[in-house]
1. When the Kirkwood hydrodynamic radius is evaluated over all pairs of different C-alpha atoms of the stretch 495-564, what value in angstrom, to one decimal, is obtained?
2. Can you tell me the FRET efficiency between residue 481 and residue 147 if r is taken as the Cβ-Cβ distance and R0 is 45 Å, rounded to the nearest 0.05?
3. What order do you get for 131-137, 280-286 when each peptide is scored by the mean count of other beta carbon atoms within 10 Å, highest first?
4. Do the alpha carbons of any pairs in 417/457; 201/534; 178/201; 106/430; 417/570; 170/201 sit beyond 28 Å of each other, and which pairs?
5. Which percent, nearest 5, of DSSP beta bridges in the stretch 189-415 are antiparallel?
6. What is the packing order of peptides 392-400, 428-436, taking the mean over residues of other C-beta atoms within 10 Å and listing the highest first?
7. Given a Förster distance of 30 Å, report the FRET efficiency between residue 546 and residue 566 from their Cβ-Cβ distance, rounded to the nearest 0.05.
8. Using Cα pairs closer than 8 Å and at least 6 residues apart in sequence, work out the relative contact order for the stretch 189-415, in percent.
Amino acid sequence: MGSRVLLATANGRPPAVPTWPKQGPATPILCAGFSCRRRGRAVPLHARGSASRGQCAPLEAKGADTNTEVLVALNGAEEGKKKKGWIHFVGIGGSGLSALALLALKQGFEVSGSDIMWSIFMDELHKAGARLSIGHSASNMERNAGSGLPDVVVVSSAIPADNEEIVHAKLMEIPIYKRDDWLRKITDKYRVIAISGTHGKTTTTAMLSYVLGAMGDDLIAVVGANVPQFSGGNIISGSGPNFVLEADEYDSCFLGLSPYIAVVTNVEWDHVDVFEDEEAVQNIFRRFVRQIKTGGHLILCGDCAGAYALLNESREATVSCNVISTSTISNHGYSITTYGLSSKNDWHASSITPNSQGGQDYVLYYKACRIAYISLMLPGVHNVLNSLAVFATVAALVNDRHCVHETINSVRNHLRKFEGVSRRFELIGKVNGCQIYDDYAHHPTEIHAVLQAARQKFPLEPIWVVFQPHTFSRLAALMKDFATVLSDADYVIITETYAARETNNWNSSESHLATLIRGPSTEYIPRLEDVIDKLVFEIPSNIYQDTIILTLGPGDVATVGPELLRRLQKDHKISDSGGIYVRISPSVIFLISLSLFSFTVRCFVLQAYWKATADLGLAWDDLARYASQPQLESSFEL
């Protein structure tokens, strides 16, 4: 019988009691206070709330919005009873808005949208039937037949108020929602589990959503990146009542939410074009956690000073107990749970070791109780922290402590199968001894995390980094921190900045960053095409020389990995006859050819050669780079 666990029920109907599949030997419980496993019968997972022991507690959705007809299906209660509307998204190519657009499509709405350039997120939208336009124009808000107008326009935080489509929508009196207002509308009737934080929220949201879905919850989920194990790409379009989503602090977007559970993975200074300093970031997160519903939960990483500081005004009383339950009660009416590596946290990890899958294993603790041995497919200490957030969140959904062990055991079994998120240490491909990975990392803390994960997975191989800074403001403000973390690589290429929404008014210089990096050989190569040429030439063709390539940044640096892989596969291919194609530069051919001539001729030719290179302003070290251009290459088969 398939595994199914009900977290809650919709419309207040009591759920059928699910049964658990037979599993392998359960991890022993080593804490007497947590000895709660019921042997011999199945135990369902259910949400906190009043319920008799052994039954799932139905959750009533609160705060219904019945004023806007177009929201009927999104709010779920009357789905199918009224005609669904047309929603137009301005800035639809971004990770956040594209997910909301895809969710609307899956729920049966007509969806159109526009952006200034095509993005990978728009591929899935196009397949799902969205009408997409490149460039902004009032005509984008018309059907092909020219009839009708959208019922609602939803606008990305990156779109200015004088955008042509927004101006036209105002003129035509079409309701306009910024992303935070739209999130408030579509989540109002659901129980929101909001994953926030400067870093790690995408992977944590995906990890939690995958686990809950695998456990049988008919949740809705919105993730800011593609999740290969989701059939919907970056969404799960269930019926609720649980709505798991990535809560973004940029432009105060997450202030549109009133979560039942809020997770804060960390708090650091970022989005420096919006937040003046770290205190400004702290203030916006304080406002966010104050919006947690009464009786809800705040779950945060106690190892992060910025996140832990949110407790200064929240802690009121500590509850002393030796079973899994919330550890502190907030004076704002919600419960608080901490997680991290330190044993001072409620949920913590110890004995972290690499495993044979390229991930890591650890021992899970709740307070002083050793709970289970956990195995992950993903490398990096940051993913241990992400998984701890998942355990803490699922535990917060459990009311009956007698169910907790079965629940944790189920979470453990599903976590070990989670494969990760696109553009988060994603393997692009392998050729000979070269492995190419891509990651979205664009903040010093994120770069440090991905380099730590790479070192854990590849302790002996050289790690080469191609870093494309994202926004001039971030590069200028965090220049020294970038230089420090990039020093952990073995070779670094800095490209020109991916400007996104900015112009360079920040006096930021990519070449200056290259000079600040101490240790590894570092180059500033502005154009991505030249970066690929450089790597193709530099990567050893010797199959015994392993090299790890990391492309880092949210921008179009993501195109480097696939193109580099294609070029390397072409240039370093194994021939059908078993030979190896080896690239020989013209300079090598030139020197070999000299050996065929007399000593006098060789001296004359070399003198002319050195004069020519001097006239061209080339040093000997530059000759190889000059010769590496594709049109100057030749090959022969051994």
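No value in this document is a laboratory result; all are computed from the given coordinates. All values reported here derive from a predicted model rather than from experimental measurement. Here Cβ is always computed from backbone atoms with ideal geometry, including for glycine, and neighbour counts include all displayed protein chains.
1. 14.0
2. Here the calculated transfer efficiency is 0.25.
3. 280-286, 131-137
4. Checking Cα-Cα distances, 201/534; 106/430; 417/570; 170/201 exceed 28 Å.
5. Roughly 50 percent of the beta bridges in the stretch 189-415 run antiparallel, per DSSP.
6. 392-400, 428-436
7. E(calc), rounded to 0.05, equals 0.90.
8. 17
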